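First up is the structure itself, then whatever we jot down about it.
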Amino acid sequence: MEESKTDINMEGRENQVYDVSAKAQKDRMRAVYWELVRWELRKLWEMPVFWVFLLLCIVFNVLLAAGSQYGTDYISYVKEVRKTAGSRMGKEFDEKVSRMADCGPKELLIQETAGARDVFETYSPKETAEMYISRYRMTGWAADALYRKYAQQEARVRILDKEDASMDAGAAGMTKPLMELLFGKLCRAVLTEGILLAVFAALYICGMERTERTWLTVYTTKKGRGVQREKFLAGLFYTAAAYAVTAAVSVLVFAYVWQLGDIWNTDMSTQFHDMNSMGVKIPFVSWAPFTMRSYLAAVLVLGMAAPVLFYLSAYLTALLVPDSYAGFLLLAGVCALNFEAVLLAGNSAHWGMFEAAMWTPVMFWWMQPVWFTDMGISAVVPWQECRVFVLCLAVLASLLYPGFRYFYGKDFK
């Protein structure tokens with residue numbers, strides 16, 4: 001009896017020791033996992049070529065933001081006028097401006113703002129839809145979807161009409177050049193640079209073992225090939241960090257150089273900021289209320305999605321194509337084909353193909369200057385840029401899983 005109790009106690013101790021050792025081993029594996037991620041991330045940060053490229057991007061953006069300061073004196077004057085006369089144009093605004101001291105900028109501002117009318121009193125989304133459908137000979141589901149989209153915009157236009165959004169003085173005549181500089185050039189540059197860094201990082205970190213001729217040592221076992229998981233995460237963190245640094249520095253330089261003050265509170269739907277979609281000028285109508293400041297924040301936040309999507313695409317390519325240079329050329333070719341498909345489909349009025357070609361990471365990036373708006377004929381549903389991001393993320397994530405499985409199963413011997 002005592003012997004059996006002793007056996008039971010010994011067995012309990014062995015199980016307890018086994019549980020403790022298993023837990024310790026599991027903890028060690030988890031520590032090694034994140035240690036590998038940090039190690040791979042360190043490799044990226046220590047690559048001089050990436051630092052040089054990042055520095056060149058920042059220098060380019062600084063020159064873009066500060067290089068052309070045409071109209072800064074006029075913008076400074078309008079900024080002071082907004083403090084005195086308010087930001088909404090009208091009779092009261094005109095009277096207050098007329099009582100201000102005479103100067104050149106005053107005369108120009110009066111010419112631009114005197115007798116201004118609310119454009120949303122007469123703007124009809126339904127007429128815009130009919131104009132697009134007629135002008136581009138759209139038929140079938142594409143025409144129906146466009147009509148439904150602009151019917152949904154009607155409620156937003158009525159809100160803008162009540163708020164007198166188009167009567168915001170903004171930076172008056174310099175509003176559109178300022179918006180184009182910030183959103184059409186600077187933000188586009190930040191996203192493009194983030195995409196290039198993402199692609200370079202993905203191709204390099206996934207294919208570095210071949211570049212450094214260590215692949216026979218690392219990839220001959222499944223455990224060695226499993227390091228791609230850590231490489232993937234390290235590159236993703238690097239992509240996000242590089243984009244955040246570039247965006248932050250660029251915007252801070254822009255804000256310091258232009259000193260916009262209250263102009264940051266300009267309604268994005270001011271009549272001085274219209275939208276040119278496929279050669280047609282229409283008011284800038286966003287699906288949610290945005291000031292210049294909040295719109296910039298929204299663009300930069302969603303802008304993070306562009307480098308992430310291209311990083312996923314590049315990493316998937318690197319898993320399937322051993323040669324990094326061939327992978328880059330393949331990605332460049334796919335991007336070119338995407339643009340070609342959009343152009344050919346639009347010119348030949350194949351609108352189903354045209355709309356399908358818009359739901360890609362390439363066109364998601366390309367349409368950035370008109371994010372959160374109706375986007376003309378380039379979108380068939382509200383908030384299409386957000387839907388495109390979610391769809392592309394889901395598709396690429398689902399493709400990455402078999403991509404990793406394919407790489408793990410390859411024989412490198």
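The values are calculated or read from the model by the stated rules, or taken from the named source; none is laboratory data. All of these numbers come straight from a predicted model, not from anything done at the bench. As a convention, Cβ positions derive from the backbone with ideal geometry for all residues, glycine included, and neighbour counts pool all protein chains shown. Accessible surface is based on the protein model in full, side chains and every heavy atom, while ligands, DNA and RNA are left aside. Shrake-Rupley method; radii C 1.70, N 1.55, O 1.52, S 1.80 Å.
Counting the residues of the stretch 384-398 that are touching a residue at least 40 places away in the same chain (Cβ under 8 Å) and surrounded by 15 or more Cβ atoms within 10 Å (Cβ to Cβ) gives 6. Among residues of the stretch 125-144 being touching a residue at least 40 places away in the same chain (Cβ under 8 Å) and farther than 13 Å from GLY376 by Cβ, the one that is least open to solvent (accessible area, probe 1.4 Å) is ALA143. Considering the stretch 359-413 alone, what residues qualify as being acidic (Asp, Glu) and over 13 Å from the mean Cα position of the chain (by Cα)? Of everything in the stretch 359-413, those that are acidic (Asp, Glu) and over 13 Å from the mean Cα position of the chain (by Cα) turn out to be ASP374, ASP411. Regarding PHE272, is this residue buried (at least 22 other Cβ atoms within 10 Å of the Cβ) and on the phi < 0 side of the Ramachandran plot? Against the criterion (buried (at least 22 other Cβ atoms within 10 Å of the Cβ) and on the phi < 0 side of the Ramachandran plot), PHE272 qualifies.
For every residue, the table says whether it meets (1) at pLDDT 95 or above; (2) surrounded by fewer than 15 Cβ atoms within 10 Å (Cβ to Cβ).
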| site | (1), (2) |
| --- | --- |
| GLN228 | no, no |
| PHE232 | no, no |
| LEU260 | no, no |
| MET278 | no, yes |
| LEU296 | yes, no |
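Counting only residues that are hydroxyl-bearing (Ser, Thr, Tyr), open to solvent by 30 Å² or more (accessible area, probe 1.4 Å) and not in a loop (DSSP other than H, G, I, E, B), the stretch 49-99 holds 5 of them. Scan the stretch 186-197 for residues that are touching a Pro at 6+ places or on another chain (Cβ under 9 Å) and either modelled with pLDDT under 95 or β-branched (Val, Ile, Thr) (or both) and the total you get is 1.
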